[in-house]
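Peer 1: Dropping a structure here in structure tokens format, bear with me for questions.
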Amino acid sequence: GTAGRFRGTLTWSILKAIRQNPLNQVFPTQYAPAQDQRHTVGTTLEYQLTPYWRTTVRYAWHTGRPVSAISQSAVSDAFLLDCVNCERMGPTQKAGIRGEWRKAMRNYRLSVYAGILNVTNAKSDFIPLVSIQDGERQDGMLTHLPLRPFLGVRADF
């Protein structure tokens with residue numbers, strides 16, 4: 001929607017992916033790949049300061065990614081893969097802000113922008129980590145990248 005100098009969007013998307021491995025004899029031959037975050041809800045609000053300058057705020061929420069389960073063998077110290085992408089992590093979220101200078105020329109449009117990704121410094125789970133230290137299993141989690149600035153230039157022809 002657009003109202004004066006404001007422009008906003010609200011989106012919802014669904015992704016259902018199935019990976020097939022017909023040669024697998026241990027686990028199911030069909031499973032959800034790691035990028036299968038079923039639902040995403042996003043919103044964007046843009047404000048045009050002048051004909052050339054605009055600022056944008058974005059937010060997105062995703063359902064959790066599939067992950068494989070690992071357990072310790074009952075007969076040895078080995079760790080075994082229980083299943084392929086049979087569990088799901090918790091949901092993730094991200095927010096960002098951006099300032100942009102944009103000018104339309106005769107045959108192209110030029111944009112120069114600066115922004116901050118993960119402006120809220122959200123620590124959503126990204127990849128589970130399992131390590132063995134002194135024979136003991138240590139579970140951990142790699143979270144999404146922290147707050148990070150970026151610069152960009154884009155030309156549309």
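The values are calculated or read from the model by the stated rules, or taken from the named source; none is laboratory data. Here the structure is a predicted model, which means the values were calculated and not measured. Here Cβ is always computed from backbone atoms with ideal geometry, including for glycine, and neighbour counts include all displayed protein chains. With ligands, DNA and RNA removed, areas are computed over all heavy atoms of the protein, side chains included. Shrake-Rupley method; radii C 1.70, N 1.55, O 1.52, S 1.80 Å.
Peer 1: Count, please, the residues in the stretch 98-132 that happen to be more than 30 Å from Q72 (Cβ to Cβ) and among the aliphatic types (A, V, I, L, M).
Peer 2: So the count comes out to 9.
Peer 1: Please determine, by comparing only the residues of the stretch 59-79 that are surrounded by 15 or more Cβ atoms within 10 Å (Cβ to Cβ) and among the hydrophobic types (A, V, I, L, M, F, W, C), which one is farthest from the chain's Cα centre (by Cα).
Peer 2: The qualifying residue farthest from the chain's Cα centre (by Cα) is V67.
Peer 1: Related question: Which residue pairs have Cβ atoms under 9 Å apart, sit 6 or more places apart or on different chains, and have a first residue in the stretch 130-157 that is among the basic types (K, R) and a second that is not in a strand (DSSP E or B)?
Peer 2: Going by the 9 Å Cβ cut-off, the qualifying pairs are R148/N118.
Peer 1: Identify the residue in the stretch 1-24 that is modelled with pLDDT under 90 and in a strand (DSSP E or B) and, among all such residues, is farthest from N85 (Cα to Cα).
Peer 2: Q20
Peer 1: Still on this structure: Could you check, for the stretch 133-156, whether at least one of its residues is surrounded by 14 or more Cβ atoms within 10 Å (Cβ to Cβ) and among the aliphatic types (A, V, I, L, M)?
Peer 2: No, the stretch 133-156 has no match at all.
Peer 1: Counting just the residues of the stretch 142-157 that are of a type in the set (A, V, I, L, M, F, W, C) and not in a strand (DSSP E or B), which one comes out farthest from A104 (Cα to Cα)?
Peer 2: Only one residue tops the list, namely L145.
Peer 1: Out of R19, R5, report the one residue that is among the basic types (K, R) and over 22 Å from F126 (Cβ atoms).
Peer 2: Matching residue, one of R19, R5: R5.
Peer 1: If I ask for residues that are open to solvent by 80 Å² or more (accessible area, probe 1.4 Å) and either in contact (Cβ under 8 Å) with a residue 60 or more places away in the chain or of a type in the set (S, T, N, Q) (or both), which ones from the stretch 20-58 would you list?
Peer 2: Selection gives Q20, Q25, Q30, Q35.
Peer 1: Within the stretch 103-111, can one find any residue that is outside any loop (DSSP other than H, G, I, E, B), touching a Leu at 6+ places or on another chain (Cβ under 9 Å), within 25 Å of L151 (Cβ to Cβ) and at pLDDT below 95?
Peer 2: Yes, because at least one residue in the stretch 103-111 is outside any loop (DSSP other than H, G, I, E, B), touching a Leu at 6+ places or on another chain (Cβ under 9 Å), within 25 Å of L151 (Cβ to Cβ) and at pLDDT below 95.
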